[in-house]
Amino acid sequence: QLHLVESGGGLVQAGGPLGLSCVAPGRTFTTFVMAWFRHAAGKVREFLAAISWSGYSTNYADSVKGRFTISRDNAKNTVYLQMNRLKPEDTAIYYCTARRDAAIVITKQAYDYWGQGTQVTVSS
C-alpha cells in the first residue's frame, strides 16, 4: 500500500505560479510511475503529467505542456508539479497518483494509488 499526501494548493491570480508537492510518508516509491491528474467541477478527471521512476521520462497533456513541469526527488519520496502561467480554467482539485508498472500511461484506471487531492483555484 502506498499512502500519498498532496500539499501546496490554494488561491492564485491568473498568470501566477503555484507549486504542488506529493509525498509518500515512510515509503519509498522509486519503482512507481508518478502522475498528476485534476478534476474540475462538471468535468471528468483529467491527466496532466507523468514521470518515470528514474525521472528521465515525462509525459504531459497538451493543455498544460509548456506551463506545467513534473519532477521527483526519490530520496525524499516526493513528486512535484510546478505550474506557471495559470489560467482560471486550471481551477480544480489536483491529485497525485502512483502506478506500480514501469510504463507511463495517461488513463486514470491504470493508476493504483491516489492521494486525497488539493484544491487549486485561479482567480481572473
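The values are calculated or read from the model by the stated rules, or taken from the named source; none is laboratory data. It should be emphasised that the depicted structure is a prediction, and the values quoted were computed from it without experimental measurement. Side chains are part of the model used for accessible areas, which takes the heavy atoms of the whole protein and leaves out ligands, DNA and RNA. Shrake-Rupley method; radii C 1.70, N 1.55, O 1.52, S 1.80 Å.
How much length would be gained if the chain were fully extended between Val44 and His3, taking 0.36 nm per residue of separation minus their Cα-Cα distance, in nm to one decimal?
Contour length minus Cα-Cα distance gives 12.4 nm.
Could you work out, for the chain, what percent of all Cα-Cα pairs fall into each 10 Å distance bin, beginning at 0 Å and stopping at the bin that holds the largest distance?
15, 50, 30, 5
Would you mind telling me which residue in Tyr80, Tyr56, Tyr95 has the biggest mean-square fluctuation in a Gaussian network model of the chain, where springs connect alpha carbons within a distance under 10 angstrom?
In the Gaussian network model the winner is Tyr56.
Counting only protein heavy atoms and a 1.4 Å probe, tell me what percentage of segment 60-124's accessible area is made up of carbon and sulfur.
About 48 percent, which is the carbon plus sulfur part of the accessible surface.
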